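Notes follow once the structure below has been shown.
Nothing in this text is a laboratory measurement; each read-out follows from the coordinates by a stated rule. Keep in mind it's a predicted model, so treat the numbers as computed, not measured. Cβ placement follows ideal geometry from the backbone for every residue including glycine, while neighbour counts extend to all protein chains displayed.
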Amino acid sequence: MTYEVTERGIEIIPKGKFDLKNTFECGQCFRWDQRNDDSYSGIVRGKFATLRSENEKVIIEGITEEDFHEIWKDYFDLNNDYDGIRNEISENCPRLSCAVGSIDGIRILSQEPWEALCSFIISQNNNIPRIKGIITRLCEGFGDKIDHGSTFPSAERLAELEPEDLSEIRAGFRARYIIDAAKKVSSGEIYLDEMYTAPISDCRTQLMRITGVGAKVAECTLLYGLHRLEAFPVDVWMKKALATHFSGVTIEQIGRYAGIAQQYIFHYSRLNPELVE
């Protein structure tokens, strides 16, 4: 990855393609919005930014160079060579070559762990527009006001509440899960920061101690919130894909980038629904 500070912002040439639409609309995040000019705006760790593509460059507007190094470089996984990762996945598992080649430019974001956990609790039995609406109301109602929006409320802030206090965000049954997660994280019963390096099986067990957190939410938290790229979320669609077109493919066979491969499999299966019917 190379970058340059210009009047327009931080101009980046990443290792491997960085496609904004494929990254922000693949279901891994919920606080990025597309604007009329095809740029995307969002808030990460209390900082607002706008991204736009220009040929092979990605331009991040509204940030400082210091914040680029402290927040955005890791958030967008800019030091990872995604072309090399795609090749490694195909070499480890040649049957996935068709999936790897079906889409380019998805990068796995390194989101704040608590935000990812809470967001994927909200995502259960839900569609993306409604998930985004609930999260927006959660941030507006309980986060801190900043320019262009609100921060994601901390676990400590939400731990002070009871499920009925979240009625205004219209999360339904998920309100109880959000509060249980907040209380367990804020008390240290669930310590997310340790999960960056702890054995992943232990992390799954810990996360599923939270009311309403099953295997998929735990796996999404590990992949999208803790950047455990070996994590492999499985939903109904993924089960069908693995059982039909990719029958016999194992996570162990895919290797250390199974979570990135999961995005390719998911996209390929969506493009070819007849393969998983």
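For this structure, a couple of remarks:
- Leading residue by the ranking (surrounded by the fewest Cβ atoms within 10 Å (Cβ to Cβ)) among those in region 187-205 that are assigned to a helix (DSSP H, G or I) and touching a helix residue (DSSP H, G or I) at 6+ places or on another chain (Cβ under 7 Å): 200
- Some residue of region 17-26 being surrounded by fewer than 21 Cβ atoms within 10 Å (Cβ to Cβ) and closer than 30 Å to residue 163 by Cα: yes
- Set 35, 86, 31, 95: member being charged (D, E, K, R), in contact (Cβ under 8 Å) with a residue 60 or more places away in the chain, out of contact with any Leu (no Cβ under 9 Å at 6 or more places or on another chain) and under 26 Å from residue 145 (Cβ atoms): 31
- For region 42-81, a residue qualifies if it is under 19 Å from the mean Cα position of the chain (by Cα), at negative phi and assigned to a loop (DSSP other than H, G, I, E, B), and the qualifying residues are 76, 78, 79, 80, 81.
- Residue count, region 209-250 (criterion: β-branched (Val, Ile, Thr) and either under 22 Å from residue 271 (Cβ atoms) or without any contact (Cβ under 8 Å) to a residue 12 or more places away in the chain (or both)): 5
- Restricting attention to region 145-186, the residues being touching a residue at least 60 places away in the same chain (Cβ under 8 Å), closer than 19 Å to residue 46 by Cα and buried (at least 16 other Cβ atoms within 10 Å of the Cβ) number 5.
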